[in-house]
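The values are calculated or read from the model by the stated rules, or taken from the named source; none is laboratory data. Just so we're clear, the structure is a prediction, and the values are computed from it rather than from any experiment. Backbone-built Cβ (ideal geometry, glycine too); neighbour counts: all protein chains shown.
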Amino acid sequence: MRGRHRTTAKQIVDEDYSAYDFKDDIEYLYKTKKGLRESIVDEISKLKGEPEWMTRFRHRAYEHFVKRPLPTWGGDLSALDFENITYYAKPVERVGKSWEDVPEAIKKTFDRLGIPEAERKFLAGVGAQYESEVVYHSLRKELEEKGVIFMGTDSALKEYPEIFRKHFGTIVPPEDNKFAALNSAVWSGGSFVYIPEGVVVDQPLQAYFRINAENVGQFERTLIIAEPHSRVHYIEGCTAPVYASASLHAAVVEVIAKEGAHIRYTTLQNWSKDVYNLVTKRAHAHKDATVEWVDANTGSRLTMKYPSVYLMGPGARTDVLSVTFAGRGQHQDAGAKAIHLAPHTQSRIVSKSVSKDGGRTTYRGHLRVARGARNVVASVRCDALMLDAQSRSDTYPYIEIDEDDATVTHEATVGRIGDEQMFYLMSRGLTENEAVNMIVLGFLEMFTKELPMEYAVEFNRLIKLEMEGSVG
Amino acid sequence: MKRTLQIVDLHAGRDGKEILKGINLVINQGEVHAIMGPNGSGKSTLSNVVMGNPKYQIMSGDVRLDGESIAKLAPNKRAHRGLFLGMQYPVEVSGVKLGSFMKAAYNQVHGPDALDVAGFMELVEENTKLLNMDSAFAGRYVNEGFSGGEKKKAEILQMLVLKPAFAILDETDSGLDIDALKTVARAIDAYRGPDVGILLITHYQRLLRYIKPDFVHVLMGGKIVLTGGGDLAEKLEELGYGWLKDEKYAGAT
């Protein structure tokens, strides 16, 4: 994700999504027919040579998917055509252990996205998924020796069947929602992370997800298990070329932080603006564990994603930082859920959204303090910045408190850029565009400063791209 | 060639209301002018109009830099030509570090290649010291959580870093305790020189004890009613503004 070239401010403003908008001409080894029916679920499972329990799991999910109506409470899904999507496309025979094993065209893609370079410089491990399959995976040797597992989810099902089966589907059951059901029926790829007790992984593990072809769905499944007192930071990024018709990304992410474990999960979602991004992310934080979701959404046509944390044991904590940016034709319906099920648990949710050129942002959150969860401290803060009168921002912060000793604060602001701020910055020589960029980046700084430096640079660059031509 | 900032028969105001009623003023490089006057006399309107705050409108007259009208230029274009306004109430810009803001401004005013990052950091460091500020100051968010005194120091720091040809300093002395006032005054005085024109706008005389202006103008009711040398400030300190309301001084320039 690191910026591939040194760019001047001028170049930044002159660039656009074209940095990510390139297509590879790939011959797929295997591709299912468009549309979804039960035989396709079987086809995928058979192709992967899965154990029977997984095939049954897929069927159970498919049945639910068919029965479950489309949600109508969130974004507009009416143009999403399930029959016009390819649910499985296989680009390679096996996962590469070195970049030399990866077919040239695909390797080039990840080169252009800066992945191998980032891997050499500051990552503990890298996974790369292309369409439906993981094409590359690596993990530093010393972590492997400590028992850390970082591999594609399909590989983990084969190589670590016991750990896998014990945790898979326990956090997000297929019946959770329509898109979790869809994912569970046709899932392929994703990351499997296992950190043994007491092991601290001090550099991030990163996965990069790339959709290449038109109308292809990506349904990866990520499972992170942090044993007691372990620590890990997982980062994912995603992009796709621009097409005129819709692609679908429906992932399920399950995160388990056992006693005293610390997991940070960072997402930089920058799909092209024709992707429906409908993702279920949920974590369980056990006694004294901490789970942090750092979630940025700048791409996609519609995102519906509400990373959630169930605070299962006393002393568990969570921090959720959600950032969305919606430009023309985009709707970012995002937020967070903190479900306090144990005493002395803490949660903090901060949401920052920016909308411009008629873009729409929605904060949708759920804060719940269950009976018996005494001495809870929880806060929700959502700030929305609208850059013009055509843009829209809504806030739906559901709060349910069943214990009267909970300390809960909720703040929400909706604002525009102030004339006095603009005058102040411009009086020092900044152009109108630069001044707006600076105010927006400042608004998002609370998020940016949480990112490793390389990602912060990339994120700021992205925002500047999104801001291009926003005034004048 | 000496540069000049010239205000010509300026009538200007806000929301259709005329506040400045015919101001004439010429500031040459190398000169320090002070504009004094009671509250509501139009001092801040003058500074905002000269810098181009879109909330204010010119009804007639002109603002010229080196003989060329800048009245229709956006504030950033005026900054490019060497104008600077140290504001009375600097606004917060949340999440933007003072240092990176100054670097962006510096690049605009002097061009991106004028100074490399190391040179720029040195420039900031040196001036931060001059203002008795902690070197971490530039790492803080612009005016966010600043005390009144820190805000004013930040304004002067920006002036010192951006090196404008003409600096208008609007009520820079307000909100400063006596030590801070001395520090700020010393910094402004150090900036004074043959290539700099300064316009100090102040309600009180105390700043002028440390910076001796070449000219003092008294602004009342939207007009300059009296102009004199540095000693006029002391007289105002002693007598206040009341005596100027006397007919015979009105309109005298």
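Each residue in the range A:156-175 was checked for being over 21 Å from the mean Cα position of the chain (by Cα) and either free of Cβ contacts under 8 Å to residues at least 24 places away in the same chain or assigned to a helix (DSSP H, G or I) (or both), and 9 pass.
For residues that are in contact (Cβ under 8 Å) with a residue 40 or more places away in the chain, over 24 Å from A:S245 (Cα atoms) and not hydrophobic (A, V, I, L, M, F, W, C), tally how many sit in the range A:198-215. Count: 4. Among the conditions (1) outside any loop (DSSP other than H, G, I, E, B); (2) facing another protein chain (nearest Cβ under 8 Å); (3) over 18 Å from the mean Cα position of the chain (by Cα); (4) of a type outside the set (D, E, K, R), B:S60 misses just one, which is (2). Can you pull out the residues in the range A:66-81 that are within 25 Å of A:E133 (Cβ to Cβ) and either more than 22 Å from the chain's Cα centre (by Cα) or loosely packed, with under 15 Cβ neighbours inside 10 Å (or both)? Selection gives A:D81 alone. Taking the numbered list (1) under 21 Å from B:I23 (Cα atoms); (2) part of a loop (DSSP other than H, G, I, E, B); (3) away from every other protein chain (no Cβ under 13 Å) in turn, B:N132 passes all entries but (1).
Might you check whether a residue that is within 23 Å of A:D24 (Cα to Cα), in contact with a helix residue (DSSP H, G or I) (Cβ under 9 Å, 6 or more places away or on another chain) and charged (D, E, K, R) occurs anywhere in the range A:153-162?
No, the range A:153-162 contains no residue that is within 23 Å of A:D24 (Cα to Cα), in contact with a helix residue (DSSP H, G or I) (Cβ under 9 Å, 6 or more places away or on another chain) and charged (D, E, K, R).
In the set B:G42, B:G67, only one residue is more than 14 Å from chain A (Cβ to nearest Cβ), under 17 Å from B:H217 (Cα atoms) and of a type in the set (G, A, S); that residue is B:G42. Taking first residues from the range A:34-63 that are touching a residue at least 60 places away in the same chain (Cβ under 8 Å) and under 19 Å from A:A251 (Cα atoms) and partners that are among the polar types (S, T, N, Q) and part of a loop (DSSP other than H, G, I, E, B), the Cβ contacts under 6 Å between residues at least 6 apart in sequence or on separate chains come to A:I40/A:T32.
Being in a helix (DSSP H, G or I), more than 28 Å from B:R14 (Cα to Cα), modelled with pLDDT under 95 and not aromatic (F, W, Y), is that true of even one residue in the range B:164-178?
Yes - at least one qualifying residue is present in the range B:164-178.
The set of residues in the range A:426-440 being of a type outside the set (D, E, K, R) and within 7 Å of another protein chain (Cβ to nearest Cβ) consists of A:M426, A:S427, A:G429, A:L430, A:T431, A:M438, A:I439. Total residues in the range A:368-398 satisfying the condition of being exposed (fewer than 15 other Cβ atoms within 10 Å of the Cβ), without any contact (Cβ under 8 Å) to a residue 40 or more places away in the chain, part of a strand (DSSP E or B) and not charged (D, E, K, R): the figure is 1.
Within the range A:415-472, can you find the residues that are among the small types (G, A, S) and either within 24 Å of A:S272 (Cα to Cα) or not in a loop (DSSP other than H, G, I, E, B) (or both)? So that I can check it myself, show each step before the final result.
Residues of the range A:415-472 among the small types (G, A, S): A:415, A:418, A:427, A:429, A:435, A:442, A:456, A:469-470, A:472.
A:G415, A:S427, A:A435, A:G442, A:A456, A:G469, A:S470, listed by residue number.
Can A:I149 be described as within 22 Å of A:P204 (Cα to Cα) and either modelled with pLDDT under 95 or surrounded by fewer than 22 Cβ atoms within 10 Å (Cβ to Cβ) (or both)? Steps first, please.
On the way: within 22 Å of A:P204 (Cα to Cα): yes; either modelled with pLDDT under 95 or surrounded by fewer than 22 Cβ atoms within 10 Å (Cβ to Cβ) (or both): yes.
Yes: the conditions hold for A:I149.
So, A:M453, is that one within 24 Å of the chain's Cα centre (by Cα) and either more than 16 Å from A:A326 (Cβ to Cβ) or away from chain B (no Cβ under 12 Å) (or both) or not?
Values: within 24 Å of the chain's Cα centre (by Cα): yes; either more than 16 Å from A:A326 (Cβ to Cβ) or away from chain B (no Cβ under 12 Å) (or both): yes.
Judged against the criteria, A:M453 is a match.
Among the numbered conditions (1) in contact with an Asp or Glu (Cβ under 8 Å, 6 or more places away or on another chain); (2) more than 10 Å from every other protein chain (Cβ to nearest Cβ); (3) closer than 30 Å to B:L85 by Cα, the only one that A:M422 does not meet is (2).
Residue-by-condition table, conditions (1) under 26 Å from B:W243 (Cβ atoms); (2) of a type in the set (F, W, Y); (3) out of contact with any Gly (no Cβ under 9 Å at 6 or more places or on another chain); (4) buried (at least 19 other Cβ atoms within 10 Å of the Cβ):
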{"site": "B:V32", "(1), (2), (3), (4)": "yes, no, no, yes"}
{"site": "B:G52", "(1), (2), (3), (4)": "no, no, yes, yes"}
{"site": "B:Q57", "(1), (2), (3), (4)": "no, no, no, no"}
{"site": "B:V63", "(1), (2), (3), (4)": "no, no, no, yes"}
